[in-house]
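Data block below; observations after.
Derivation of every value follows stated rules applied to the coordinates shown; laboratory data play no part. All figures in this text were calculated on a predicted structure; none of them were measured in a lab. FYI the Cβ positions are ideal-geometry reconstructions off the backbone, even for glycines, and counts take in every protein chain you see.
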Amino acid sequence: MKALRIKGATSSEAVYLEERASAEALVETPLAMTRLGFGKVVYVGDVNNEAETQLVIRNILTQHLAGH
């Protein structure tokens with residue numbers, strides 16, 4: 001995935017982890033999600049709008065609307 005990455009996300013917030021990333025102390029990730037109040041904040045750094053990224057976003061929205 002060609003993407004902009006955020007730094008400082010925890011492993012529980014990362015939706016996508018590269019194999020080289022440590023599960024203990026994640027430094028950066030191109031796809032992260034966390035709860036905020038009654039909702040969620042999702043960061044998607046994909047710069048090419050790939051079909052696989054669109055599927056991830058659709059699944060996140062579907063789960064949120066279902067109350068998960």
Check: Among GLU28, GLU18, which comes first, second and so on when ranked by fewest other beta-carbon atoms within 10 Å?
Finding: GLU18, GLU28
Check: Can you give me the relative contact order of the range 6-65 as a percent, contacts being Cα pairs under 8 Å and 6 or more apart?
Finding: 25
Check: Sorted from fewest to most neighbouring beta carbons within 10 Å, what does the list VAL47, VAL42 look like?
Finding: VAL47, VAL42
Next item on the list: Just name one of LEU31, LEU17, GLN63: the one whose Cα is farthest towards the positive end of the charge dipole of the range 6-65 (beta-carbon charges, Lys/Arg +1, Asp/Glu -1).
Entry: GLN63
